[in-house]
Every structure is written in structure tokens, then in C-alpha cells.
1. Could you list, in sequence order, all residues of the range 178-187 that are in a helix (DSSP H, G or I) and farther than 18 Å from residue 6 by Cβ?
2. How many residues are under 30 Å from residue 67 (Cβ atoms) and part of a helix (DSSP H, G or I) if we restrict to the range 188-235?
3. Residue check: is residue 224 touching a helix residue (DSSP H, G or I) at 6+ places or on another chain (Cβ under 6 Å), surrounded by 12 or more Cβ atoms within 10 Å (Cβ to Cβ) and either modelled with pLDDT of 95 or more or within 29 Å of residue 142 (Cα to Cα) (or both)?
4. Of all residues in the range 61-78, how many are surrounded by fewer than 16 Cβ atoms within 10 Å (Cβ to Cβ) and within 29 Å of residue 212 (Cα to Cα)?
5. Can you find even one residue in the range 82-103 that is surrounded by 12 or more Cβ atoms within 10 Å (Cβ to Cβ), in contact with a strand residue (DSSP E or B) (Cβ under 7 Å, 6 or more places away or on another chain) and assigned to a loop (DSSP other than H, G, I, E, B)?
6. For the range 1-25, give me each residue that is farther than 19 Å from residue 35 by Cβ and not in a loop (DSSP other than H, G, I, E, B).
7. Conditions first: (1) under 27 Å from the mean Cα position of the chain (by Cα); (2) in contact (Cβ under 8 Å) with a residue 24 or more places away in the chain. Residue 42 passes all but one, so which condition is the exception?
8. If we scan the range 182-203, do we find a residue that is in contact with a helix residue (DSSP H, G or I) (Cβ under 8 Å, 6 or more places away or on another chain), within 28 Å of residue 107 (Cβ to Cβ) and surrounded by 12 or more Cβ atoms within 10 Å (Cβ to Cβ)?
């Protein structure tokens, strides 16, 4: 290669002089022309602006089992929105897993997660199943979400909201468990958040200031069916060939007979 671009930082038990010496050694060993930032690949995230959804993409795979991923757009990033999303997702993870896997037995893998990408917020739901069709799985997603939002105040009363908020604030106040994790987080802030090392402080402040009503409003607005900015990806694989419902177009008598308590067969 003729050009190169490096970003990074040193962390650990070393002096400024030692860090500068290491950097000069790296720079000298590369001896390349600079790969200018204007030529870099830019990370992108797709934002649905159309309100005529929801939408789905249907793919087939030769692998066993079916999979569904549902992404719900939760609007642009703000510290308040991120705080509300974070609390909501904490409760959705357990409830979604319990409903889709433990109660309904639809899948071995059932997962819900909140993400922030390129300053945009999304709630994700995903399932992998060896027993249920993709359309059925997606319908179960929507039924779960609808029931959850209809009973949101019961699912997350104010007391539970405050407990989750306190727990999340404690995690944000202590984001580093070890040196490796600290290095990873600082690298993230340095190069993905324009060296805003007060980022966690800002998130803590937003979490502290978030009211219960603001949380309810955000949750209902983003998860209700009025928010049609949804994209489902359906991966249809192979299921057990010996257990599959077939469409019955003919008379029921072609596959059996009518029975009463007195007669074995009724014409």
C-alpha cells in the first residue's frame, strides 16, 4: 500500500516521553503517504423517512430454521431520548425472552436490544426458530409489542422505573471494569464522539432529569403502531419436512370422516 491512516492512543503504565517515542517509531516504520480523511469510507445508517410502512425484506437460506429481525426507528439521538430508550430496553429484554421463548416456546434464541448508530436510535427484536414460520414469528412480535405498550404502566410502574434508572446511572458512573475495557471505551469516545470525554456525564445528567411521564410518552410514541418506521428482515430456511401444515382445498371427507357418539361414520 502507498498511503496509510492511523488513529489510536496509548494507555497504561508509561510516561508521555515513552508514548511519544513509540509513536515516532511507528511513524518511521510505516513511511507512507497520508490517506486523507476526505477519502475515507463513511459509516452510514439507513433512516426510513417514509410513513407508509411497515416494510419487510424476505430472504431464503439453505440452512435449517427460520429467523426474523425487526428494527423499529426510535428517532434521532438526544440525551433524553437515549435515556428513555435505555430504560425501556432493559425491561423489554426480559419480557420478550419470557414471552417468545419461555411461554410460547417459539424459539431457542429470542433477543431484544437497543442500539444507537450514527446518532440515531433503534429498538431491535430477533428470533431464531426451528418450528415456526417467519410470518407467524413476525406476527408474534407485533402482538407482544402491542400488549406491552397497552399495559405499560403495569409493566413498568413508577417505582420500577426509578429503580432501573438508579441502576443505569450507577453503571454509567462506573463504565470501566478494567484497563482493557477503559481503553475500548476511551477509544470509542475519542474517535466516534469527537473526543467528547464528558459524554457519560451528559448521559448521566439526562438520565437523572428524565421524568416518568417523559419515559411513558417516548415509549408509546416509538413502539405503538402509529410509528410505521419499521423494517423486518425474514430469513426463511428449512423446517422439519415431516411436520408442516398443508392447505386443505378439497372436502374434509378426503382426509377423514364425521363422527357422532352413536355412529362411527356419518355420510
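The values are calculated or read from the model by the stated rules, or taken from the named source; none is laboratory data. Remember, predicted model here, so these are calculated numbers, not experimental data. Neighbour counts are summed over all protein chains in view; Cβ atoms, including those assigned to glycine, are modelled from backbone coordinates with ideal geometry.
1. Of everything in the range 178-187, those that are in a helix (DSSP H, G or I) and farther than 18 Å from residue 6 by Cβ turn out to be 179, 180, 181, 182, 185.
2. Of the residues in the range 188-235, 8 are under 30 Å from residue 67 (Cβ atoms) and part of a helix (DSSP H, G or I).
3. The answer is yes for residue 224.
4. 3
5. no
6. Result: 16, 17, 18, 19, 20, 21, 22, 24, 25.
7. (2)
8. no
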